[in-house]
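What follows draws every value from the coordinates through simple rules; no lab data is involved. Note that the structure is a prediction, hence the values are computed from the model and not measured. In this analysis, Cβ positions are derived from the backbone assuming ideal geometry, glycine residues included, and neighbour counts consider all displayed protein chains.
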Amino acid sequence: MSALLNNETIWYLVRSSGTVAYLFLAASTIWGLILSSKFLKDVVPGPLSLAMHNYLSWNAIGLTLLHAVLLLFTGYMDYTLLNLIIPFTGPFSPFWMGIGIIALYLMILTTLTFYVRRRISYKAFHVVHYLTYAAFVMALLHSWFAGTDTPALEIVYLASGLVVFFLTVYRLLAALNGRKAPAARQTA
């Protein structure tokens, strides 16, 4: 058994869990933007859409936690539990690792808002949920600068970042158009 869990195997588990965690976060972010843009409103029932968004979010968090905990068991880096909890204190690339830790905290915070949505105002829910953008960008930067060593992953990070960017721009333009339309109707 110990031959299966050597340093190299643990290191590959660290890397793969981080990559898959990022993919779940990207999917959750993209799915959330698609939901808020109402692209699939008539195709996918609301409860199913929200359940899928929640599922993607929790998988991103779970795999990110696995990614971090596995760092405690690799012989390639000397991480402590405090290094994984306190941003910018780790032995390897402390700035980019710290950004990743903060991204995890934001992911947890925004995902927990699903469960208090009815207890807080609609506006408060959305204000907190806007932190998802920060979490995504921080996770992207962490992945790119602390974890990318293959061109294939760079392409994945670039493509997912561009999809989130373009969906965000679309969402903003649609919101601005929605605000202008009632004002135009009133003046007419």
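Would you check if TRP58 is surrounded by 18 or more Cβ atoms within 10 Å (Cβ to Cβ), within 15 Å of THR132 (Cα to Cα), of a type in the set (Phe, Trp, Tyr) and touching a residue at least 12 places away in the same chain (Cβ under 8 Å)? Criteria not met by TRP58.
For every residue, the table says whether it meets (1) in contact (Cβ under 8 Å) with a residue 40 or more places away in the chain; (2) touching a Cys at 6+ places or on another chain (Cβ under 9 Å); (3) under 20 Å from ARG15 (Cβ atoms); (4) of a type in the set (Phe, Trp, Tyr).
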site: ALA135; (1), (2), (3), (4): yes, no, no, no
site: LEU140; (1), (2), (3), (4): yes, no, yes, no
site: ASP149; (1), (2), (3), (4): no, no, yes, no
site: GLU154; (1), (2), (3), (4): no, no, yes, no
site: THR168; (1), (2), (3), (4): yes, no, no, no
site: LEU173; (1), (2), (3), (4): no, no, no, no
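Taking the stretch 75-95 as the range and being of a type outside the set (Gly, Ala, Ser) and crowded, with 19+ Cβ neighbours inside 10 Å as the test, the residues that pass are TYR79, ASN83, LEU84. Would you be able to tell me the number of residues in the stretch 94-146 that are farther than 25 Å from ALA159 by Cβ, in a helix (DSSP H, G or I) and more than 12 Å from the chain's Cα centre (by Cα)? Counting residues in the stretch 94-146 that are farther than 25 Å from ALA159 by Cβ, in a helix (DSSP H, G or I) and more than 12 Å from the chain's Cα centre (by Cα) gives 14. Among residues of the stretch 20-51 being within 20 Å of THR148 (Cα to Cα) and in contact with a His (Cβ under 9 Å, 6 or more places away or on another chain), the one that is surrounded by the fewest Cβ atoms within 10 Å (Cβ to Cβ) is VAL20.
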